[in-house]
Structure formats: structure tokens, C-alpha cells
Amino acid sequence: MQTILGANGIIGEELARELRKNYKAQIRLVGRNPQKVHPDDFLFKADLLDPESVLKALENTEISYLTVGLPYDSEIWLRDWEIVMENVIAACKNNHCKLVYFDNTYAYPQDSKIQTEETPLSSDGKKGIGKKLAAEFLLKAIANKEIEAVICRAPEFYGPGKTKGLTNSLIFENLKNGKEPKVFLKDTVLRTLIFTPDASKAMALIGNTTDAYGQTWHLPCDDNRLTYKQFIAEIGSQLGREVKYKVLPWIILKIGSFFNHNLKETQELLPRYAIDNIFESIKFKTRFPDFVVTTYSEGIKIILNDYGIK
């Protein structure tokens, strides 16, 4: 049995498809209101803040995947991420199962240095601190050999389906709704984005590779990084028309944060939209050379078709 904790998001959903397709795994989907991806998936309602609930969710599990997304609120992240991780580690220990933790880059510093698996977790933002506490809690458990676990880290998402992320919401969803796409701060700095199906496929591969455990892995992205200017130009090329867009300056985003909760919660991450964001995944590509990464051009084509944008 392979169990996905927090299975309702796009990563959990695509992970379930990948585990069934290429690993023939029995799958248990865990969440507050889990939904089946395959007709014979096992469903389990659980609150990851409740240790007994998590303990029961992982019974008879060989590999567990923590892909839950907490509400986008700094105070919740600062308070709850460590609790969730503590409960999951305890449940894995009691059930003798492995853990694959899907993490993001919020705990990384907001600078233009190349991000690798050795990048320090030194963010001073509340969300970053919350993720740092969770990651450090797990790293300690790994070092103490309490459980077999691995950290899979990914940068900002873009992808089809119900993928959430600024690129999807500001560019593709606006295009879908006949609105002008938006870009934060600058359109001339390089961005590293991960295609969500690639993230789930790579995480399933790592989870089912024995010697991958006890480490942190950056999940694979297209190394031919684009600026948002180039990204939107590629969209226009595929649509056969010019796509006009607007770059939102810092002052507009600051004013908007007083009236929009999500924009307020995004303030912590804004510095990285003014500089090159280089997330490196050489370690993964060296270990798994046959893994085919979706190019930005291919990813854009898939999303445009999925969204029905013409």
C-alpha cells in the first residue's frame, strides 16, 4: 500500500495516477474529503493535525507521501507545519513505513544565488520559517535513523488541471477569462518553473528507489529558463497572435495587499520576482538520466489546450 497524505491537490492527484500507472501500487488517498482518482482507490478521512488520525491513516502502508497544502496564511504555516510533520513522523515510525515529503522553496533565502540541495534554509518570512521548521524536524529524524525518509523540493508550479500558482493564476487563467495577463515586478528576469506532472512523476520515482532515501532532491525542471517576457512571447507564438500583458510594480502590489488577502500573503515572496530565480536539479538528472523533462514550450502547449485558450 502507498498512501498519499493530502491527496486533494494537483500533486497528490497526479501522483496517484503515476503510482498506479508505472508502479501498480494499491493507493490510499487521505484528506479531509478525499476523492477517488481510480475506482478502486481506498479513501480515508483524516485531519493531519490529529496524531491518532494520522496513525490510523498510515496503517499497513509501505510508502507514504506528504503532499498536503495548508491554507495560504502565514500564521497557519508558522503554527501548523511543524505539528503536521511531527504527527506524520510519529505515524511512520509506528507503522514502519517510509516517508516522501513534497517541499517547496519558501525556506530558501530571497536572493539570486543558484538554489541547490545544499542551499541553507534561512528565510526570515513566516511561511519560510514554518517550512524550515518542518524540514529541519524531518532532517533530524532522518539523521537519527528514526524513519526512512526523503525530501523532494520543487519551485513554483505551472501545469494543467487544477494547478495553483502565480503563473497559472496571473497568466493562463486571465487568458482563459479574456483578461490581460499580469506579471509581478519584472518581466526580464529568469524564472524556474516546474511542470506539475513532472513533479509528481519524479516524486514517485524517488519514492520507489531504495537508495534515494536519506537525502534531499530537487525535482527536475527545464534548464532552458525563460523570462516572463519570453514565456508570454512563446504563448503568443503558439496562439498565432500577440499577447499583451501588464507588469505590476511594487507600489501597486503593496497597495493591493491592503485589500486582497492572497496578495497580502504573497508579499513575503515578492523579492524573488525582481531577480533571477535559478533552481538547479543536476543531482536528479545525473541519478535518473532517462527521465524526460517537459520543456516550457511543451508545457505551455498542454496548458493552452487544457484551458481551451485559442
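What follows draws every value from the coordinates through simple rules; no lab data is involved. Just so you know, these numbers come straight off a predicted model, no measurement behind them. Every residue, glycine as well, gets a Cβ built from its backbone with ideal geometry; the counts of neighbours run over all protein chains shown.
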Assertion target for Arg241, Arg20, Arg272, ordered by fewest C-beta neighbours within 10 angstrom first, is Arg241, Arg20, Arg272
So the pair-distance distribution of the chain, from every Cα-Cα distance in 10 Å bins, comes to percents of 6, 27, 35, 24, 8, 0
For Lys98, the aspartates and glutamates lying under 19 Å Cα to Cα, once residues fewer than eight places off in the same chain are dropped, come out as Glu18, Glu52, Glu59, Glu62, Glu82, Glu86, Glu136, Glu146, Glu148, Asp211
In debye to the nearest 20, the charge dipole size for region 71-111, taken about the Cα centre with +1 at each Lys and Arg Cβ and -1 at each Asp and Glu Cβ, equals 320 debye
Listed residues Arg225, Arg287, Arg32; largest mean-square fluctuation, Gaussian network over the chain with Cα springs below 10 Å, found at Arg287
For the chain, longest principal axis from Cα atoms; helix 196-207 axis from its Cα atoms; angle between them, nearest 10 degrees, is 30 degrees
A correct Karplus calculation of ³J(HN,Hα) over region 72-88, with 6.51 cos²θ - 1.76 cosθ + 1.60, θ = phi - 60°, whole Hz and x for Gly and Pro, returns 6, 9, 4, 5, 5, 4, 5, 8, 9, 4, 5, 5, 4, 5, 4, 5, 5
In the chain the DSSP beta bridges are antiparallel at a rate, in percent to nearest 5, of 5 percent
For the chain, the longest principal axis of the Cα atoms and the Cα long axis of helix 228-239 enclose an angle in degrees, to the nearest 10, of 80 degrees
Between the residues Leu70, Ile4, Leu193, the Cα farthest towards the positive end of the dipole of the chain, that dipole coming from +1 and -1 charges on the beta-carbon of Lys, Arg, Asp and Glu, is from Leu193
A correct fewest-to-most ranking of Ile11, Ile206, Ile302 by other Cβ atoms within 10 Å would be Ile302, Ile206, Ile11
A convex hull over the alpha carbons of region 171-263 yields, per residue, a volume in Å³ of 157 Å³
Measuring from its Cα centre, region 128-222 shows a charge dipole (+1 at each Lys and Arg Cβ, -1 at each Asp and Glu Cβ) which, in debye to the nearest 20, is 320 debye
With +1 at each Lys and Arg Cβ and -1 at each Asp and Glu Cβ, the charge dipole magnitude of the chain around its Cα centre, to the nearest 20 debye, comes out at 760 debye
